[in-house]
Amino acid sequence: MQHRAGLSAFAAFIKEITLKRLIRISLAAFVVLAAPAFAQTLTGTLAKIRDTGTITIGHREASIPFSYLDDKQQAVGYAMDICARVVDAVKAELKNPNIKVALQPVTSANRIPLLQNGSIDIECGSTTNSVDRQKQVAFGPTYFVINVTAAVKKSSPIKTLADLNGRTISTTAGTTAVPLLKKYEKTGNVDVKEIYGKDHSESFLLLVDDRVSAFVMDDVLLAGQIANARNPGDFVIITESLRTEPYSVMLRREDPQFKALVDRTLGGLMKSGEIEKLYARWFTSSIPPRNVNLNFPITPALREAFKNPNDKGVQ
Amino acid sequence: MGFSLDWSVFLQELPEGGVYYWEMLLSGLWWTLGVAACSWLIAMFFGSIVGTIRTTRSQPLVFFGNAWVELFRNIPLLVQMFLWYFVLPEVIPPLKRWVVAADPAEAQFLSATLCLGLFTSARIAEQVRAGIQSLPRGQRDAAQAIGLDTVQMYRFVLLPMAYRIIIPPLTSETMNLIKNTSIALTIGLAELTFRTREMGEYTFRFFEAFTAATLIYIAIAMTANRVMAVIERRTAVPGYIAGGK
């Protein structure tokens, strides 16, 4: 049965190819083969960038300090600086310095669909590289490692995650912190009540107003909220961690040429130590728009990731 | 490029285990229905009273009714939700003590129900007023002529006809109310849209999750629509405005 189906499909295919089409296909093949600039045929994203003359970067609007809009509504940040290096590498690879860079804001909800349907070519933000997500997209080498932990008031008796037992805490809806917390409750025999803020500032407001005892989230995001608070000294981040998660740029799957270029570029930044300069600019110095300093030095986990560039996802 | 849809995602377990995604959406649906039903009762109750008193001849009552409608109608729903949940407890210390001690879901449900109920009551009040004012002046005169007092006049003559007239816009309002419950996600109430977004974030299957949510919302709104249509037919006064074909 299968054999016959294959035959008829082949017959249909033959019928489809008219002479005109044959000429067009062979012409196209000739052009590609004859182009001396390319040692190998470009595929995937690199071919798309060559054909359109444009690389489209997906950026976030409020992922401070990774990718966000500054006071001039420009997309800036640590991830944007890293992506600028990727753009340079693409220009060199295609031997075309006139490649245009288009910017497309994305949200955590639409970043994957927009990448998959070709609206963006690379996402530069604060996206966790997880094994689950790798079924749908690919990631570059880890450029940041976060700990999921809790911020509390300095005056509070809570010093460890276990102290959260019996407390009400806030967290932001739709983040990976939510299932982690549920799992911790089950395994650690801890009972907490959660309130979900729609964004980080709302979750933090609940802590400021003493509506909750702690705000559970990625440490760097907690640091960002605290740095912007009226009295940053009132808050402290617990050093324990529910889980560490790697962040990286997001790429389309099964796109080996572009992936190799991104790996090479980011790996080079890490090997040369240049990435530490980029890091210092965004995490330990004052950044726009309000000139606050996150005071978030490189963690041991991140140093390890810089030493051994990898794209391993978290389970 | 291009993406494939995977509908089996609803049969997958959540990362924390033990619960499936379809169950998670369903748990959101119950909150949606709960908020919608309770706030509809609040909206009908206050909407009827406020709408009615705006058609009376008492100056203070009319003023109160106007103030009510303008207050709840002129502030965006999203802002009202924020005010009820985040700001009001800060202003009223006893309320704050209760909110901090209570189960978060209870406080969110209460805030969302009150907020949506009162917001919608302002809109229903306008419809009730329009319904009453659309009645011929003769009805009011006739009621007074046969010796009914004001309450009896509204109860037995004006309101029964006014309600029949406003069933179509009331249907729209009910359907709006059901869909407006999704605003409650901004205060963290785990209703249907909240759960849908959560599911999208965990599985990265936004299209599947939102398609399911869309179908569920359509189903609820259509059900409400059909129920109201039945009420409209059943209560029609033969030969009078409503239900005449």
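Applying the condition of being touching a helix residue (DSSP H, G or I) at 6+ places or on another chain (Cβ under 7 Å) and within 18 Å of residue B:201 (Cα to Cα) to segment A:195-217 and asking which residue is surrounded by the fewest Cβ atoms within 10 Å (Cβ to Cβ) yields A:198. Scanning segment A:120-136 for residues that are of a type in the set (D, E, K, R) and surrounded by 24 or more Cβ atoms within 10 Å (Cβ to Cβ) turns up A:121, A:123. Just so you know, in segment B:88-102 the residues that are exposed (fewer than 13 other Cβ atoms within 10 Å of the Cβ) and assigned to a helix (DSSP H, G or I) include one that is farthest from the other protein chains (Cβ to nearest Cβ), and it is B:94. Within segment B:216-241, the set of residues being exposed (fewer than 12 other Cβ atoms within 10 Å of the Cβ), assigned to a helix (DSSP H, G or I) and small (Gly, Ala, Ser) comprises B:219 only.
Quick one: in segment A:107-135, of everything that is of a type in the set (Gly, Ala, Ser) and more than 10 Å from chain B (Cβ to nearest Cβ), which residue is farthest from residue A:145 (Cα to Cα)? I'd like the intermediate steps shown before the answer.
Step one: list which residues in segment A:107-135 are of a type in the set (Gly, Ala, Ser), which gives A:108-109, A:118-119, A:125-126, A:130.
So of that shortlist, the ones also more than 10 Å from chain B (Cβ to nearest Cβ) come out as A:125-126.
Values: A:125: 13, A:126: 10 Å.
The qualifying residue farthest from residue A:145 (Cα to Cα) is A:125.
Output yes when any residue across segment A:87-107 is at positive phi and in contact (Cβ under 8 Å) with a residue 60 or more places away in the chain, and no when none is.
In the first step, residues of segment A:87-107 are kept if they are at positive phi; the result is A:95.
Now narrow it down to the ones that are in contact (Cβ under 8 Å) with a residue 60 or more places away in the chain: none.
No, segment A:87-107 has no match at all.
Among the residues of segment B:184-208, those identified as among the aliphatic types (A, V, I, L, M) and more than 10 Å from chain A (Cβ to nearest Cβ) are B:184, B:192. Of the residues making up segment B:33-52, one or more are touching a Phe, Trp or Tyr at 6+ places or on another chain (Cβ under 7 Å) and within 26 Å of residue B:141 (Cβ to Cβ). None of B:203, B:186, B:196 is farther than 24 Å from residue B:11 by Cα and not basic (Lys, Arg) except B:186. Quick check, is residue B:111 part of a helix (DSSP H, G or I), among the polar types (S, T, N, Q) and within 12 Å of chain A (Cβ to nearest Cβ)? Criteria met by residue B:111.
Within segment A:71-111, the set of residues being surrounded by 14 or more Cβ atoms within 10 Å (Cβ to Cβ) and of a type in the set (D, E, K, R) comprises A:81, A:85, A:91, A:93, A:111.
With respect to residue A:171, is the statement that it is β-branched (Val, Ile, Thr) and either within 14 Å of chain B (Cβ to nearest Cβ) or in contact with a Phe, Trp or Tyr (Cβ under 7 Å, 6 or more places away or on another chain) (or both) true? Show your work before the answer.
Details: β-branched (Val, Ile, Thr): yes; either within 14 Å of chain B (Cβ to nearest Cβ) or in contact with a Phe, Trp or Tyr (Cβ under 7 Å, 6 or more places away or on another chain) (or both): yes.
Yes.
None of A:264, A:252 is of a type in the set (D, E, K, R), buried (at least 19 other Cβ atoms within 10 Å of the Cβ) and at pLDDT 95 or above except A:252.
Kindly establish whether residue B:170 is surrounded by 15 or more Cβ atoms within 10 Å (Cβ to Cβ), within 14 Å of chain A (Cβ to nearest Cβ), within 23 Å of residue B:76 (Cβ to Cβ) and out of contact with any Ser or Thr (no Cβ under 6 Å at 6 or more places or on another chain). Spelling it out, it is not the case that residue B:170 is surrounded by 15 or more Cβ atoms within 10 Å (Cβ to Cβ), within 14 Å of chain A (Cβ to nearest Cβ), within 23 Å of residue B:76 (Cβ to Cβ) and out of contact with any Ser or Thr (no Cβ under 6 Å at 6 or more places or on another chain).
Just one residue in the set A:260, A:301 is more than 25 Å from residue A:91 (Cβ to Cβ) and either assigned to a loop (DSSP other than H, G, I, E, B) or away from every other protein chain (no Cβ under 14 Å) (or both); that residue is A:301. Got a number for residues in segment B:111-137 being buried (at least 21 other Cβ atoms within 10 Å of the Cβ), farther than 24 Å from residue B:187 by Cα and of a type in the set (S, T, N, Q)? Here the count works out to 1.
Scanning segment A:82-119 for residues that are within 16 Å of residue A:53 (Cβ to Cβ) and of a type in the set (Val, Ile, Thr) yields A:87, A:90, A:99, A:101.
Note on segment A:184-225: among residues that are closer than 16 Å to residue B:186 by Cβ and among the polar types (S, T, N, Q), the one that is farthest from the other protein chains (Cβ to nearest Cβ) is A:201.
Among residues belonging to segment A:240-249 that are more than 14 Å from every other protein chain (Cβ to nearest Cβ) and buried (at least 20 other Cβ atoms within 10 Å of the Cβ), point out the one that is farthest from residue A:114 (Cα to Cα).
Across segment A:240-249, the extreme among qualifying residues is A:246.
The values are calculated or read from the model by the stated rules, or taken from the named source; none is laboratory data. Keep in mind the model is a prediction, meaning the values are calculated, not measured. As a convention, Cβ positions derive from the backbone with ideal geometry for all residues, glycine included, and neighbour counts pool all protein chains shown.
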